[in-house]
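Q: The structure under discussion is supplied below as structure tokens; questions concerning it will follow.
The values are calculated or read from the model by the stated rules, or taken from the named source; none is laboratory data. These numbers were taken from a predicted model, which means no experiment stands behind them. Every residue, glycine among them, receives a Cβ derived from its backbone with ideal geometry; neighbour counts consider all protein chains shown.
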Amino acid sequence: MALLRTAVSWPNDKTYLFHDDDTYSRYDSVSGLPEATGQPLSNWPRLPRSPDAFVWWGADKAYAFTGATYLRYNEPTVVTAANPDGVEQAYLDTPFTIAGNWAGLPDGSAGGPDWRTGFDAAVNWGNGKLYLFKGGSYLRYDLTADRADPDYPRPIAGNWAGVFPSGIDAVTYAGGRYAYFFSGGQYRRFDVDADAVDASGPLDASFRFAPTPSGAVTAARLLTLPQANGLMADLIRRGVLTLKSPAFVDGPAGIVSPKPDQRVVVSPPSFGAVRYTNQIAPASTVIDNLDQRMLIVLHRLTRWINASKPDVAELLHLGIGHGGGDPKDCHNQGRAIDLSGISGTVDGTAFARSVQQHWGDLPRPAGVKVRISASADALGYGLFTTVFRFGTYECEATAIGPQNRWPMPELGGGGFVIYPDHKDPALAAAHQNHFHLQVGVTRLP
């Protein structure tokens, strides 16, 4: 029987298990059921072999690792001759090595293994972090900084309750509540909410994944209204948020209320432990007139901003479901947020960062495109750059919807994520005190 080599969950609601005989199995992430087994690797254009680790990165890209080298896989929302599906040719023409391209991975000089020679498994945790596993250790890789986080690697034992302490073959997370770890023909199901394994067993013909709502790995800007509706319902059932209106009603055949095209009111204005506070009306206890796709943006932003230190408790904004007088504007449609500040604690000490005070009011030296810096304000820089990168991956970035294309914008550039140092002087001047993040067109026709 072929051995499992790696696994990955894809934004098409499929999870793939790759085997050492260069075949793969496909599971439907929504139902959790197997769809096909023994499929040839040739279905993955230009992927030369089953990789040791395969991880979805976001923005239509995934990375396949084999030993000390890696390939980048392009999975465009809209496939064209100029933007095909498959391993990018440049990565086949010249081998790309992990060393020199994946910053911060331990080289073994301080003791322990050299992570640049490869690792056993990798997974995107859906919060701006990748987790890489090697032997009995793991490390965390940050998508915003594009480098391994400090203070890693750490032992798996004692940090991942119930997970195999070493020898992990594959990890996959299709979003939602559960992730899966595989080792030696066995699996462990990891409850993300409880932060612990809750089920285990053999990886055999009877194996099934727990059902996951459609769109759980899809960028928010690409969600359909029904997908956002289902994802919202999952968050309500898990106690992440509550609706004030319309009342949430489950039925035997699915969600009765709210309908996918209805705007909703969240109260209290919180997602888990993170509160969204309207800076103009701080006592407000609701987020109203909210498009359900933007609701998913708000939830995912809390996961990105709170994935590591500091502990964020509050996100300040200047409006979500309201704007100027145009009813077709993205704000009035409940499809945009103006994020103005972030507060919480770091190592028990309270902090607050204001986009206006800690960015927009900074002097602009000649020739400087971006005024914030890690050297001057490491905390603010880390928070603000995370919001920016989140926005480019989940919201409109270079275009609208499926037309968004890699590469995602960098700070100081253009695009639909707008902030104090946006490339367009007029837009930058109007956004000295907030980030603008949106889903969908700026104005309906």
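Q: Only residues in segment 20-47 that are free of Cβ contacts under 8 Å to residues at least 60 places away in the same chain count as the first member; pair them with residues that are assigned to a helix (DSSP H, G or I) and of a type in the set (A, V, I, L, M, F, W, C), Cβ under 8 angstrom, at least 6 apart or cross-chain, and list the lot.
A: Qualifying pairs under 8 Å: Asp22/Leu41; Thr23/Leu41; Tyr24/Leu41; Arg46/Leu92; Leu47/Leu41.
Q: Would segment 345-355 turn up any residue that is assigned by TED's automatic domain parsing to the domain that holds Tyr393, on the phi < 0 side of the Ramachandran plot, of a type outside the set (Lys, Arg) and not in a strand (DSSP E or B)?
A: yes
Q: Which one of the conditions (1) in a helix (DSSP H, G or I); (2) farther than 30 Å from Leu223 by Cα does Gly391 fail to meet, given that it meets all the rest?
A: (2)
Q: Given the conditions (1) out of contact with any Phe, Trp or Tyr (no Cβ under 6 Å at 6 or more places or on another chain); (2) surrounded by 17 or more Cβ atoms within 10 Å (Cβ to Cβ); (3) over 18 Å from Lys14 (Cα atoms); (4) touching a residue at least 40 places away in the same chain (Cβ under 8 Å), which single one is not true for Ala273?
A: Ala273 satisfies all of (1) out of contact with any Phe, Trp or Tyr (no Cβ under 6 Å at 6 or more places or on another chain); (2) surrounded by 17 or more Cβ atoms within 10 Å (Cβ to Cβ); (3) over 18 Å from Lys14 (Cα atoms); (4) touching a residue at least 40 places away in the same chain (Cβ under 8 Å) except (2).
Q: List pairs: first residue in segment 236-247 and of a type in the set (D, E, K, R), second residue loosely packed, with under 13 Cβ neighbours inside 10 Å and not in a loop (DSSP other than H, G, I, E, B) anywhere in the structure, Cβ distance under 8 angstrom, at least six positions apart or on different chains.
A: Pairs that qualify, where the first residue is of a type in the set (D, E, K, R) and the partner is loosely packed, with under 13 Cβ neighbours inside 10 Å and not in a loop (DSSP other than H, G, I, E, B), are Arg237/Asp250.
Q: Now, a different point. Give me the residue from segment 85-116 that is within 22 Å of the chain's Cα centre (by Cα) and loosely packed, with under 15 Cβ neighbours inside 10 Å and, out of that set, farthest from Ala64 (Cα to Cα).
A: Only one residue tops the list, namely Ala103.
The rows are residues; the columns are (1) closer than 20 Å to Arg335 by Cβ; (2) at pLDDT below 95; (3) surrounded by fewer than 13 Cβ atoms within 10 Å (Cβ to Cβ); (4) not assigned by TED's automatic domain parsing to the domain that holds Ser340.
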site	(1), (2), (3), (4)
Asp191	no, no, no, yes
Phe207	no, no, no, yes
Pro211	no, no, no, yes
Leu231	yes, no, no, no
Arg237	no, no, yes, no
Ile255	no, no, no, no
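Q: Quick one: which residue in Asp250, Asp261, Asp288 is exposed (fewer than 14 other Cβ atoms within 10 Å of the Cβ), assigned by TED's automatic domain parsing to the domain that holds Gly341 and not in a loop (DSSP other than H, G, I, E, B)?
A: It is Asp250.
Q: Taking segment 8-29 as the search range and keeping residues that are β-branched (Val, Ile, Thr) and buried (at least 20 other Cβ atoms within 10 Å of the Cβ), which one is farthest from Thr66 (Cα to Cα)?
A: Thr15
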